[in-house]
Every structure is written in structure tokens, then in C-alpha cells.
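Here's the structure, in C-alpha cells; my notes come after.
Read-outs: derived from the displayed coordinates by stated rules, not from any lab. In this text the structure is predicted, and so the values were computed from the model without any measurement. Every residue, glycine as well, gets a Cβ built from its backbone with ideal geometry; the counts of neighbours run over all protein chains shown.
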Amino acid sequence: MQSPIPCWLIARKRSGKNLGSERRQNVPKALDLFCKAGGASMGLHNAGFEVTGVDIEPQRNYPFHFVQADALTFPLEGFDFIWASPPCQAYSSMSPFSRRWGKTHPDLVGPVRERLKSTACRWVIENVRGAPLLNPIELCGLMFGLKTYRHRYFEANFAMLAPSHPKHDQKAIRERRIFTCVGHPGGRSARDNLHFGNTEDWRNALGIKWMKGTELSQAIPPAYSEYIARRFF
């Protein structure tokens, strides 16, 4: 599939201006759907985008322009790059237990993909192992020097390659050199004699300084979205 040329790049080519001066006048715009507290948004910002985040729930700690709205109906016009992180509960390893308890979760990857395919810009869908993504790449925190694994999968309408995947150290979590960042900070497992780290441990592990506990447990490390977004340029 041939990737569309973003509007800001067309303007730069026509004007003959260098990249730096043109981006100051016409910064490429990114939309982060299902943005939560802004982990992916920060990576998009670091890659050079002006970011707008959309989530159906209020996000008091979101660091950029935020719109509380339904990501399935929010207008997609006017953006050069769209990132979407639909809820992962339908595909996660805990989903069978949720169904056993009578809880169901929406399967939104398909509907989101159909929306994004109707646009003329580059887009990415992020989710967990088991989600129905097409030809995804896998990213891990170790690829970026982070102190977490947090494997996530990414489908895009442009070519991507993942960095090499370092081998996991089975003792690293027990020795608190790696943090899983799931559940809530300060948690413990008496059975396994594990301490899951406090909020500051999680912030350092994920490369996120502004979020609180439950926000961190759902966050995409900014390094992931920055790596992918830089493929845009």
C-alpha cells in the first residue's frame, strides 16, 4: 500500500523551505483515539506532532489538548497521523475470567480499522497479544532500555520493522530490575514473595513522569509511539 503524503510535507516541497522552518509554521497534527492519560500522545509529541487526545472518560492528567468524546464517532478530518488504542479487555489473558464472572467487553479493533481505512492519512492501531490485528509488529520495553517488558502489538497502513528483541532475564522481576506495572503500585504477591514496585518505580520503568497508579497500569510507554511515529518522517 502506498502511504499518503501528509499535507505539511506537500506544503514544504512546494515552498522550498527547509524542514525545520516549515514545521514551525505548519506542524503535522496527530490524533490519539482512546488516549487515556497520554502515554502514546507523549511519544507522538516527542516525534514532532501537535497532538489532540480523545477519550470518552475525563482525563485530568492528560498533558495536551484533550476532547472528551466517543472515539468511534469523533471527526477524523484535519489530521496527518491517527493513533488508536481501543480497549484491550476483550483480548487480554484475563478475558476468560471476566466472562466467567458475567462481564463482557466490546471488540472494537474491527470497527476502528474500518473508520481509519476511510481516511487519507497514516494510522496505527495498538493492542495486546490475541487482538485481531493484521500483520502487527511487537514492541517490548527492553528494546528501548526501559525497565519493563509491556509487550504491545501494532498494526499500521505503512511499513514498520521492530527493533531486535533482547532476551528476558527470568530473575529480573524478582530482583526488581524489571517491573510489570500491572494492577496497582505497592502491590505484593505473598505466594511468590514479590513486591511489584511503587508509583515512582513504575514511572521510571515506563518513562512516564506525570501519571498516577491506575493510569500507569494502562499506559503505553511513550518510547513505543515515538519510535513508530518517527517512521512518518
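Take each of the peptides 39-50, 116-127, 204-215, average the number of other beta-carbon atoms within 10 Å over its residues, and list them starting from the highest. It would help to have the intermediate numbers written out before the result.
Numbers: 39-50: 23.7, 116-127: 19.7, 204-215: 18.1.
Those peptides, ordered most packed to least, come out 39-50, 116-127, 204-215.
Enumerate the amide H contacts of Arg152 below 5 Å, restricted to partners 5 or more residues apart or on another chain; note that Pro and chain-start residues carry no placed amide H.
Leu139
With θ set to phi - 60° and the Karplus curve 6.51 cos²θ - 1.76 cosθ + 1.60, what are the ³J(HN,Hα) couplings of the range 144-158 in order, to the nearest whole Hz, using x for Gly and Pro?
So the J values, rounded to whole Hz, are 10, x, 7, 9, 8, 8, 5, 5, 9, 10, 9, 9, 8, 9, 8.
On a full-extension model of 0.36 nm per residue, what is the gain between Leu134 and Glu114, subtracting their alpha-carbon distance, rounded to one decimal in nm?
5.9 nm
If I stretch the segment between Leu72 and Gln218 completely, what's the gain in nm (0.36 nm per residue apart, minus their alpha carbon distance), one decimal?
On the way: separation 146, 0.36 × 146 = 52.56 nm, distance 1.97 nm.
Between Leu72 and Gln218, full extension yields 50.6 nm more.
What residues qualify as long-range amide H neighbours of Asn157, i.e. H under 5 Å apart, gap of 5 or more or another chain, H built at 1.01 Å from N?
Counting only residues 5 or more places away or on other chains, the set is Trp123.
Give a residue-ordered list of calculated ³J(HN,Hα) values for the range 106-123 (Karplus: 6.51 cos²θ - 1.76 cosθ + 1.60, θ = phi - 60°; whole Hz; x for Gly, Pro).
Listing the rounded values in order: x, 9, 10, 4, x, x, 5, 4, 4, 5, 5, 5, 7, 9, 9, 10, 6, 8 Hz.
Identify the residues of the range 201-228 with backbone N under 17 Å of a label point that sits 7 angstrom from the Cα of Ala162 along the Cα-to-Cβ direction, or state none.
Answer for the range 201-228: 220-228.
Please rank Leu134, Leu139, Leu72, fewest neighbouring Cβ atoms within 10 Å first, as an exposure proxy. List each step's numbers first, then the result.
Details: Leu134 10, Leu139 25, Leu72 16.
Exposure proxy ranking, most exposed first: Leu134, Leu72, Leu139.
Can you list the residues, at least 5 places off or on another chain, whose amide H is less than 5 Å from the amide H of Ile178, using H built in the peptide plane?
Ile173
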